[in-house]
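The values are calculated or read from the model by the stated rules, or taken from the named source; none is laboratory data. As the structure is a prediction and not an experimental result, all values here were calculated from the model. Every residue, glycine among them, receives a Cβ derived from its backbone with ideal geometry; neighbour counts consider all protein chains shown. Side chains included, ligands, DNA and RNA excluded: accessible areas come from the protein's heavy atoms. Shrake-Rupley method; radii C 1.70, N 1.55, O 1.52, S 1.80 Å.
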Amino acid sequence: MEFTVFEIIRVHTGKRYKGNFASALDFAAGRIKDSPQPYIIHPEIVDRIKTLKNSIRNPYTHGDLKKILKGQTATGVMFKIGTKPENLLKNIEKTVNSFESGTMPYSEFNPADDPSIASYFKKDVDKKRCFRLAWEYYPLFDLLLDQYLNGEVQKNYVKQYGSPYAHMSLVDVTSDDKE
């Protein structure tokens, strides 16, 4: 998505955008100084991309488990198991039995507070999230390609800014195709 936005800016302006993804989105939406007017990408589409960028791209790119696991809770019990090796297994079994029978209280906690627990929860969250995201991202990506990088846009780019391949010779190897 990020590369696509930069490519849209390039074919519509003839220049590579030098800023970051957030500023490229604002530039494409006509919201910052020196942005083309009217906008390159409709501001409502840019807002949708920003939402996905902030809720998915940034947390995953930066490994922000608190944002990735936002709203997730886990239940657990803290218990002492002792220090005598001969009692460890017995104490763990006693705790498990008490928990399963409902006589031991449990607490809810944020799994993102512990990286080892967070990675376990993240796998489950990712499995559920990936299908929903595919339904959100792919149509938006197709829309960007259809509206802002279609054949007509490409032809206009070459007409206005030239082709990087204009200096190359065209070799016709289709002689066998002609009847």
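What 222 nm value per residue comes from the helices of the chain, counting each DSSP H run with n ≥ 4 as -39,500 (n - 2.57) and dividing by all residues, nearest 500 deg cm²/dmol? That calculation yields -17500 deg cm²/dmol at 222 nm. Which net charge results for the neighbourhood of residue 133, defined as the other residues with beta-carbon distances under 11 angstrom from its beta-carbon, given Lys and Arg at +1 and Asp and Glu at -1? Local charge sum for residue 133: +2.
The residues of the stretch 101-179 present an accessible area of 84 Å² per residue when probed at 1.4 Å with all protein chains retained. Relative contact order of the stretch 45-153, taken over Cα pairs closer than 8 Å and 6 or more residues apart, is 25 percent. Inter-part distance, the stretch 9-43 to the stretch 102-179, computed on C-alpha centroids, equals 19 Å. Given the alternatives (1) 16.7; (2) 20.2; (3) 21.4, Kirkwood radius over Cα pairs in Å as computed for this entry is given by (3). A DSSP coil position with no more than 13 other Cβ atoms inside 10 Å describes the following trypsin sites (Lys or Arg not before Pro) in the stretch 95-179: 178. Each residue of the stretch 80-89 was assigned a 3J(HN,Hα) from its phi angle through the Karplus expression (A = 6.51, B = -1.76, C = 1.60, θ = phi - 60°), giving 8, 10, x, 10, 7, x, 5, 9, 4, 4 Hz with x at Gly and Pro.
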